[in-house]
Amino acid sequence: MADKAHTRNFSIIAHIDHGKSTLADRLIQLCGIISDRDFKDQILDSLYLERERGITIKSQAVTLPYVAADGEEYELNLIDTPGHVDFSYEVSRALASCEGVILVVDASQGVEAQTLANLYLALEHDLEVVPVINKIDLISADVDEARRQISDELGLDGDEAVAVSAKEGTNVPEVLEAIVTQLPPPTGDPAALLQALIFDAAYDPYRGTIIFVRVMQGTLKAGQVIRFMHGGTEHKVEEVGILQVKRIVKKELRAGQVGYFFAGVKTVADTNIGDTITLAEEPATEPLPGFREAKPVVFSSIYPVATDDYPDLADALDKLKLNDASLIYQKDSSQALGFGFRCGFLGLLHLEVVQERLEREFGLSLILTTPSVRYQIYMQDGDELDIENPAYYPDPASIDYCEEPYVRASIMMPERYIGAVMPLCLDRRGENTNLHYPNPGRVELSVDLPLAEVIYDFYDKLKTVTQGYGSFDYEMTGYRRSDLVKLDILVNGEKVDALSMLVHSEKARLRALHAVNKLKESIPRQQFKIAIQGAIGSKIIARSTVNAYRKDVTSKCYGGDVSRKRKLLEKQKAGKKRMKLVGNVPIPQKAFLAVLQTDTDG
Amino acid sequence: MARSGLGLYLHLPYCPARCPYCDFNAKRYDHGEARRLLAGLAVHLERIVPLAQGRPLDTVYFGGGTPAMLPATELAALLARMRGLMGFTPRAEISLEANPGALSRGKLAALRSAGFNRLSLGAQSFDPGLLKAIGRGHTPDDTRRAAAQARQVGFGDLNLDLIHGLPGQSPAQAAADIAAALELEPKHLSLYELTLAPGTPFGRQYRPGQPPLPGDDEMAAMEQHALAALEAAGLERYEVSNFARPGMECRHNQNTWAGGDYLSLGPGAHGHLSGVRWAWLSDPAEYCDAMERGEEPHAFREELSREQRALELIMLGLRTTHGVELAPLAALLGTDPRRMYGPAMAQLQARGWALVRQGRLIPTPAGLAMADAAAALFA
């Protein structure tokens, strides 16, 4: 096993689509730990969803054996990081496990918002940063401009940056060499009291939770009894090892090393990312810094379309939870939708990932309610409530005031789009705008935005108005006073509780109009008129009508049509189960989805 | 069931050309294949004789396709074989579907003397522009001539098929079509609303209710006018799309709608015998292959449960002004249908779609317009 001097721990960070995963793949391939025949593109993105969207959601690690130009063999630990703002805490823990990062910059796009955000994050962790310019194979590549931006905007040495094409493999070996020569080896004493940082965990159906750690001090071995310093539980280590795509069992992991262990931990939820492991008998005096409990910020209720699928949904969530500690859920019920679960997510992407996995991996057909943030409600009697579910919104007369969560957003774009982005931010109740011109032609807009506006459809709109050139990042900043109302949707006078939402009073009418119009388009006509209304309390603020059918009859029905027609009736009967009945109006799943969908063209 | 005689439906799939709205089992005429099919039909006819169990045929229906485009001698020969093998009842109704463009006085005379006594002409419209737009090869005058000649050779029982709701058709044009049809004094008229069938050129080209198709209000106006005009002319509505002078209803179809038995012959033809439904292979070549190999050319065969048979009776009966006979339904289910379908029957009446009278569930005019939704209540 390599000594500390021959170990390097690093992450690759990049703006989305700048080629992080492709570069990681090339590095893995070059180090020969997996045959080309077995090579699946983008090995690290093991979730298909990540592959489809080009976003890394779960981080993993891989240990690369590398013989450097100096003839010595090194152990390079690549710790992959999630590439989305929803998972910024996970990113920070992965970075805390490294001594350095490779910062990838796209040769044609240059420095983007996330490039900057990632750089700041790396600097916060005192990491050495090695810039790499990628995609030099593109016709639109401008390596000199990228070098200039790296120097001017990032304050790094752009002239020394390795320029590569990860896709074609050009100059990739130089990146490995730069890792060895430019990144510092880890510090730490193998003989000290054990302190190991958990940066990720995953569920293995045969062994329980596999926990990924960076050993900071001391030595982790099989047979030791360890303690989670924040979680408080103790476990006996069954196996330790390193990852070379496959697991390689080792005798021990010493200070400075990155690897995995099993300790009979049943579910991922029993571990906390960022927790410190120490020995039960000889514990370290204090945990490693930076621990935070992952807190959900976006909430939505999930219902099965067919009520009898509820047990399957419960089962599926239990299974997802095994691998996704940040997913929280509890039973919920709705008059319109029956039994379901109120779920908390790290962000909208996290919500979408969970929804897609439930639908694809578990074959469930789902209805999700409008995503909500968590509001703080201050009652007249001095009570304080945290409300994220419109169902629990108290009587407005008893409320003193409300507060809603805000973020500080950073939007990076070519200067010509500022005229479109600024009104968008103001429309979304943006405040404290601040413009920064990192270099001619580009602008970084900082703005305070309510999180509720961000999770609505801000990102889609931003992409539209900047024709895809705008990039966006944000961090939570705290709560501010807000004028909140509860908007109800009524179908033929009956409240559809699952469509209720908490919104800012200025936005209520627009949201109500959107909802009633979407419902009008997607509720099939009945033999009677259907009135759809949006209301705050007893005040109707929007309405639409689905006209009654005049006619519902097939023109021709002769001897050859009988069987087909009967089968159609029988099929419709099965289809009825998939409709939700509100009063006497059947509402199809797509109507619920349509209300939640926002128009990005409007 | 009281009104039930035995029917036979013969399907002849050939047409001079495919119409862009049609999704029937039909294809362009192919001489060689048609010869082969006629031979196959002769064989198949002999094989289905035992299904009749000695019952004579009360109705025979030559449908298609455009059966009248085959030579009169061949059609006559087929009919003669049926008569020879199974026999006809004294008042047997023998229908033939025909395209106005494919008829001559001589042919009509030959068909009439071969025993056909009911002629159904696919007029579709009397507007030359609309006829062209829907791909029909005949003119309004072809229809008028064919109707006159049919009457001269003794086809007293004449039906005209019309389609309304055609692309670009105005309510005035639709009214003119009805008037033109009534001038020919048919004993029977079938009026269909254009159906956009998936997989047809029209199905791909048009959206229901969207221009150039008439909108909701125009469609309602056309229908309202047609119902009134037909009634005034003495043609009573007896099914969603069918109108006749009293006593001139198509018995073959009435038998189908009452859950009666009918045999079938030809590619894709459906048959029904006491709760067993089947269809023959729809591809003429495959149908003939099976015939030549001595196999049954089944495309499907299903035995219905009592509930399925009951559902069919309701579904079909709610499309007719006669309504659903409750006694046969009770016999089938072994229980009072009012018990089994209580909520659905209550809904029907509450919505004003049907009444219970004289042991029947009788749809109102509003109920006829909502027959699909009405049947769905029983599923």
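The values are calculated or read from the model by the stated rules, or taken from the named source; none is laboratory data. Here the structure is a predicted model, which is why all the values come from computation and not from measurement. Glycine gets a Cβ as well: all are built from the backbone with ideal geometry, and neighbour counts include every protein chain shown. Keep in mind that these areas ignore ligands, DNA and RNA; they rest on the heavy atoms of the full protein, side chains included. Shrake-Rupley method; radii C 1.70, N 1.55, O 1.52, S 1.80 Å.
At least 1 residues that are at pLDDT 75 or above and surrounded by fewer than 20 Cβ atoms within 10 Å (Cβ to Cβ) in each: list the helices (runs of 4 or more DSSP H) lying fully within region A:1-98 that qualify.
Fully inside region A:1-98 and qualifying: A:20-30, A:88-96.
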(message) Exactly one of these conditions fails for A:GLN376: (1) surrounded by 20 or more Cβ atoms within 10 Å (Cβ to Cβ); (2) in contact (Cβ under 8 Å) with a residue 40 or more places away in the chain; (3) more than 21 Å from the chain's Cα centre (by Cα); (4) closer than 24 Å to A:ILE455 by Cα. Give me its number.
(response) (1)
(request) Working only within region A:550-566, note down all residues that are surrounded by 15 or more Cβ atoms within 10 Å (Cβ to Cβ) and more than 7 Å from every other protein chain (Cβ to nearest Cβ). (result) A:ASP561
(message) Here's a check for you: in region A:540-549, which residue that is surrounded by fewer than 17 Cβ atoms within 10 Å (Cβ to Cβ) and at pLDDT 90 or above is farthest from the other protein chains (Cβ to nearest Cβ)?
(response) A:ILE540
(request) State yes or no: is A:THR271 at pLDDT below 90, open to solvent by less than 40 Å² (accessible area, probe 1.4 Å) and out of contact with any strand residue (DSSP E or B) (no Cβ under 6 Å at 6 or more places or on another chain)? (result) no
(request) Find the residue count for region B:214-236, including only residues that are away from every other protein chain (no Cβ under 14 Å) and out of contact with any His (no Cβ under 9 Å at 6 or more places or on another chain). (result) 9
(message) Can you tell me which of (1) within 14 Å of another protein chain (Cβ to nearest Cβ); (2) at pLDDT below 95 is the one B:PRO363 doesn't meet?
(response) (2)
(request) Within region A:247-268, track down each residue that is touching a helix residue (DSSP H, G or I) at 6+ places or on another chain (Cβ under 9 Å) and surrounded by fewer than 18 Cβ atoms within 10 Å (Cβ to Cβ). (result) A:LYS266, A:THR267
(request) Return the residue satisfying two criteria in turn: it lies in region A:425-442 and is modelled with pLDDT under 90 and in a strand (DSSP E or B), and of such residues it is least open to solvent (accessible area, probe 1.4 Å). (result) A:ARG442
(message) Looking at the structure I just gave you, is A:LEU487 open to solvent by less than 70 Å² (accessible area, probe 1.4 Å) and in contact with a Pro (Cβ under 6 Å, 6 or more places away or on another chain)?
(response) no
(message) Looking at (1) more than 9 Å from B:LEU318 (Cα to Cα); (2) within 14 Å of chain A (Cβ to nearest Cβ); (3) surrounded by 18 or more Cβ atoms within 10 Å (Cβ to Cβ), which one does B:LEU368 not meet, given that it meets all the others?
(response) (1)
(message) Step by step: first the residues of region B:299-318, then only those that are open to solvent by less than 50 Å² (accessible area, probe 1.4 Å) and among the charged types (D, E, K, R), then the one that is farthest from the other protein chains (Cβ to nearest Cβ). Which residue is that?
(response) B:GLU302
(request) Just name the residue that is farthest from the other protein chains (Cβ to nearest Cβ) out of those in region B:237-254 that are farther than 20 Å from B:MET370 by Cβ and touching a helix residue (DSSP H, G or I) at 6+ places or on another chain (Cβ under 9 Å). (result) B:HIS252
(request) Could you list, in sequence order, all residues of region A:99-113 that are open to solvent by less than 10 Å² (accessible area, probe 1.4 Å), at pLDDT 90 or above and either among the hydroxyl-bearing types (Ser, Thr, Tyr) or touching a Leu at 6+ places or on another chain (Cβ under 7 Å) (or both)? (result) A:GLY100, A:VAL101, A:LEU103, A:VAL104, A:ALA107
(request) For A:SER500, state whether it is within 14 Å of chain B (Cβ to nearest Cβ) and crowded, with 19+ Cβ neighbours inside 10 Å. (result) no
(message) All but one of (1) within 14 Å of chain A (Cβ to nearest Cβ); (2) surrounded by 15 or more Cβ atoms within 10 Å (Cβ to Cβ) hold for B:LEU333; state the number of the condition that does not hold.
(response) (1)
(request) Examine region B:125-146 for a residue that is closer than 17 Å to B:SER241 by Cβ, modelled with pLDDT of 95 or more and within 14 Å of another protein chain (Cβ to nearest Cβ), and state whether such a residue exists. (result) no
(message) Whether any residue in region B:350-359 is buried (at least 17 other Cβ atoms within 10 Å of the Cβ), part of a helix (DSSP H, G or I) and not assigned by TED's automatic domain parsing to the domain that holds B:VAL240 is what I want to check.
(response) no
(message) Restricting to region B:178-192, name every residue that is in contact with a strand residue (DSSP E or B) (Cβ under 6 Å, 6 or more places away or on another chain) and either within 14 Å of chain A (Cβ to nearest Cβ) or not in a loop (DSSP other than H, G, I, E, B) (or both).
(response) B:ALA181, B:HIS188, B:LEU189, B:SER190, B:LEU191, B:TYR192
(request) Please state which one of B:ARG18, B:ARG28, B:ARG55, B:ARG36 is surrounded by 13 or more Cβ atoms within 10 Å (Cβ to Cβ), of a type in the set (Lys, Arg) and either free of Cβ contacts under 8 Å to residues at least 60 places away in the same chain or closer than 23 Å to B:ARG91 by Cα (or both). (result) B:ARG55
(request) For region B:193-204, enumerate the residues that are more than 13 Å from chain A (Cβ to nearest Cβ) and closer than 18 Å to B:ARG136 by Cβ. (result) B:THR200, B:PRO201, B:PHE202, B:GLY203
(request) Among the residues of region A:387-397, write down those that are touching a strand residue (DSSP E or B) at 6+ places or on another chain (Cβ under 6 Å) and open to solvent by 20 Å² or more (accessible area, probe 1.4 Å). (result) A:GLU388, A:TYR393
